[in-house]
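Just below is one structure, and these are the notes that go with it.
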Amino acid sequence: MADGTVHTLFTPVRLASVPLRNRVFVPGHTTNFGLHNEPTPRLAAYHAERAAGGVGLIVTEAIRVHPTSAGRSISLGSFTDAGIPAYRAVTEAVHRHGTRIFAQLMHAGRQANGDATRTAAWSSSPVAWATGAHVPHAMGRHDIAVVVAAFAAAAGRMRRADFDGLELHAGHGHLLQQFLSPHTNRRTDAYGGSLDHRLRLTREVLTAVLAATDLPVGLRVSADEFLPGGLDPDAMVEIVARLREEFPLAYVHVSHSAYHGSYTLATQMADMSFGHAPFRHHAATFKRAFPDLPVLAVCRLDSLPEAAELVAAGEADLVGLARPHIADPHLVRKAAQGRHHETRACLACNQGCIARVEASLPITCVVNPEVGAEREWAAAWRRPQRPAPPRRVLVVGGGPAGLAAATAARRAGHRVTLAEAGDALGGQVTLAARVPGRERLGLLTRDLAAEAYATGVEVLLGRRITAAQVRAGAYHDVVLATGSRPRPRPLPGGPPMLDLWQAVAALDAPVTGSYVVIDEDGGWAAASVAEALARGGGRVHLVSPTASIAARITTYSRLALFSRLADLGVVAHPLRTVRAAGPTTVALTGPLTGPELEIHDVTAVVDAGPSVADDSLYRQLDASPDGPRVHLVGDANAPRTTLEAVYEGRFAGAFLGRHDTPAAVQVALAY
């Protein structure tokens, strides 16, 4: 779609009494930037950066209204008046840039993790959200009254903290949806059974919230739970219609999914495998049903031009981009200034955002390592009053770590040469992006390479650098980003062995036969190659010596991956190791799985085992008593992921020859 349609997003719009300068909003998304369930200056700076980037509206992440929903101390909550000043600091930081901000109120219900607080989760019925999860407490009438009062009290506090409006979260399988849905609500009292009864808690909460404050109130819903016996778009349209008859809803924010241990959870944070705007039809359904009610659309709207399609087509009034705003907080401002081409693209990889939330860590971003340390990085980019003379810098390696280092060093004012041994920039990311379904990874190095050229980095392709050349170059600093390489492990007497690089290359030809993929890493490398081989027509066995397949992939992506692998007939073998049992046969054995299992007629075995750092140049330079300062980044430091590679490259390039702010940045990222 042509960027010309983007102008439709820059027209003003109102949500009840609240005017917005444009139709783009940042939807609620967990950051884990809280402390003791209250906002921190770190959270205020995070939202302020996006407000400065030009967005019209920010909706906070879920603010838990009661301690039974707290889960962990780094989430947000509103349990007492003591937190009002901290919330006011957030609203002031956002208002300073002309952006409006709504507070999202929520009770997580059955998925509130009570391990930290030693509390039982509350829900409509004693139904766990996943196999093996804690069975929640089925709420009694007193519990329900406590939660209703808690919603009202939190709403009043948000008004006193100067929020512009409220969003009541009745989606994503949280408590209100647990009462709304027949999949989770098994009650036989006045709060269960008929739709009218299942609506009772949401009605009571809306009544209490609207009585407690004069702020406009919007409703976030899941249009489809993607669960057997669950809520679907027709049911949700009826629910919203009934609520509209009774309450002055400012808008309906249309999302989807339920927090359930199955495919539905993966749709909530749809990764790159889902394709563009896979759920836009949900917003369109609600817009047709409620033409006079503002409809907010969300999920996998990857860029402003793509999001503008929905507004131009009359399918939504506002469009929400969460992960794209994590990747580039200034995407609205850039587009308004005709600089859309400068936007850093979100990869929809889920690696730095929801994967870290799942691990109870603060979010970051593969393409934007400054997330969560906006204040500290802003100070880092400010030139000292007495700037040091520019340094002459050589960066060896044109993958994500090297490109990030080169551009950061140029921004810091240094003279930078980047030498890449191959004939193109991108490193192993270019290889990974060749795997079907993982193409968006290529956007990372596309954007980094464009920035390198735009900032004036001298780029030398086809140039393999030796230690002698480094010593003769009179460089002040050398950043080594030489990456990693597969570590061949033969299988004597067995089928042919392919490393990951060879396996990806083999995807260019028709796939036939049977393949065994060994996954010791638990990341995307083995899983995506296994999926690609199966999608190409191969018979695939995915083998892991660990107790879980793809263990390092976030649950939000893994559940969709498992669904695809099952549809493709991929057979998973956890707790198994591989040994040769003949030229075309492998045997699988394991500590808990009984007798060996033999797989016959194997075309090849793909070894997706650990890589080894390509650090020979570093070893040579490190052995020398003199020469330039050497900085080792990315996989050359230790084989990991693009998340660490880009961060280490950015950090090394930004702070060459400086010692004034690096510690502040690292401390900000640590908690």
Answer yes if at least one residue in the range 293-312 is modelled with pLDDT of 95 or more and among the basic types (K, R), and no otherwise.
no
Name, by its number, the condition in (1) of a type outside the set (S, T, Y); (2) under 23 Å from the mean Cα position of the chain (by Cα); (3) surrounded by fewer than 23 Cβ atoms within 10 Å (Cβ to Cβ) that does not hold for A526.
(3)
Output the residues belonging to the range 379-414 that are under 16 Å from V633 (Cβ atoms) and assigned to a strand (DSSP E or B).
V393, L394, V395, V396
Return the only residue of G77, G71 being in the same structural domain as P41 (by TED's automatic domain parsing), surrounded by 22 or more Cβ atoms within 10 Å (Cβ to Cβ) and touching an Asp or Glu at 6+ places or on another chain (Cβ under 8 Å).
G77
Only residues that are part of a loop (DSSP other than H, G, I, E, B), over 25 Å from the mean Cα position of the chain (by Cα) and among the small types (G, A, S): list them for the range 1-46, please.
A2, A16, S17
Just to check your reading of the model, which residue among G649, G634, G653, G627 is farther than 27 Å from S528 by Cα, at pLDDT 95 or above and either polar (S, T, N, Q) or in the same structural domain as L418 (by TED's automatic domain parsing) (or both)?
G653
Quick one: which of L448, L431, L425, L441 is free of Cβ contacts under 8 Å to residues at least 40 places away in the same chain and either closer than 30 Å to R535 by Cβ or of a type in the set (K, R) (or both)?
L425
Has the range 328-340 got at least one residue that is modelled with pLDDT of 95 or more, in contact with a strand residue (DSSP E or B) (Cβ under 7 Å, 6 or more places away or on another chain) and not small (G, A, S)?
yes
Output the helices (runs of 4 or more DSSP H) that fall wholly within the range 453-557 and possess 3 or more residues being not assigned by TED's automatic domain parsing to the domain that holds T585, or say none.
467-472
Among residues of the range 19-42 being touching a strand residue (DSSP E or B) at 6+ places or on another chain (Cβ under 8 Å) and farther than 22 Å from A308 by Cβ, the residue surrounded by the most Cβ atoms within 10 Å (Cβ to Cβ) is P39
Listed residues A560, A572, A587, A551; which is of a type in the set (A, V, I, L, M, F, W, C), on the phi < 0 side of the Ramachandran plot and in contact with a His (Cβ under 9 Å, 6 or more places away or on another chain)?
A572
Evaluate the following for A566: is it small (G, A, S) and surrounded by fewer than 19 Cβ atoms within 10 Å (Cβ to Cβ)?
yes
From the option list A152, A138, A70, A108, single residue qualifying as of a type in the set (G, A, S), in contact (Cβ under 8 Å) with a residue 60 or more places away in the chain and touching a strand residue (DSSP E or B) at 6+ places or on another chain (Cβ under 9 Å) is A108
Say we look at the range 606-624 and pick out the residues that are assigned to a loop (DSSP other than H, G, I, E, B) and at pLDDT 95 or above; which of these is farthest from R440 (Cα to Cα)?
D615
Set T430, T417: member being surrounded by fewer than 21 Cβ atoms within 10 Å (Cβ to Cβ), of a type in the set (S, T, Y) and not in a helix (DSSP H, G or I):
T417
Report yes if A82 is out of contact with any Lys or Arg (no Cβ under 8 Å at 6 or more places or on another chain), assigned to a loop (DSSP other than H, G, I, E, B) and surrounded by fewer than 16 Cβ atoms within 10 Å (Cβ to Cβ), otherwise no.
no
Are any residues in the range 85-124 part of a helix (DSSP H, G or I) and β-branched (V, I, T), and if so, which ones?
V90, T91, V94
Is it the case that A450 is within 28 Å of the chain's Cα centre (by Cα) and either surrounded by 13 or more Cβ atoms within 10 Å (Cβ to Cβ) or in the same structural domain as T641 (by TED's automatic domain parsing) (or both)?
yes
Among (1) surrounded by fewer than 17 Cβ atoms within 10 Å (Cβ to Cβ); (2) part of a helix (DSSP H, G or I), there is one condition L243 misses while meeting the rest; what is its number?
(1)
Matching residues in the range 85-120 - criterion: being at pLDDT below 95 and surrounded by 22 or more Cβ atoms within 10 Å (Cβ to Cβ):
Q111, A112
In the range 585-605, how many are surrounded by 17 or more Cβ atoms within 10 Å (Cβ to Cβ) and either part of a loop (DSSP other than H, G, I, E, B) or in contact (Cβ under 8 Å) with a residue 40 or more places away in the chain (or both)?
8
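The values are calculated or read from the model by the stated rules, or taken from the named source; none is laboratory data. The structure presented is a predicted model; accordingly, all values stated were derived computationally and were not measured. Here Cβ is always computed from backbone atoms with ideal geometry, including for glycine, and neighbour counts include all displayed protein chains.
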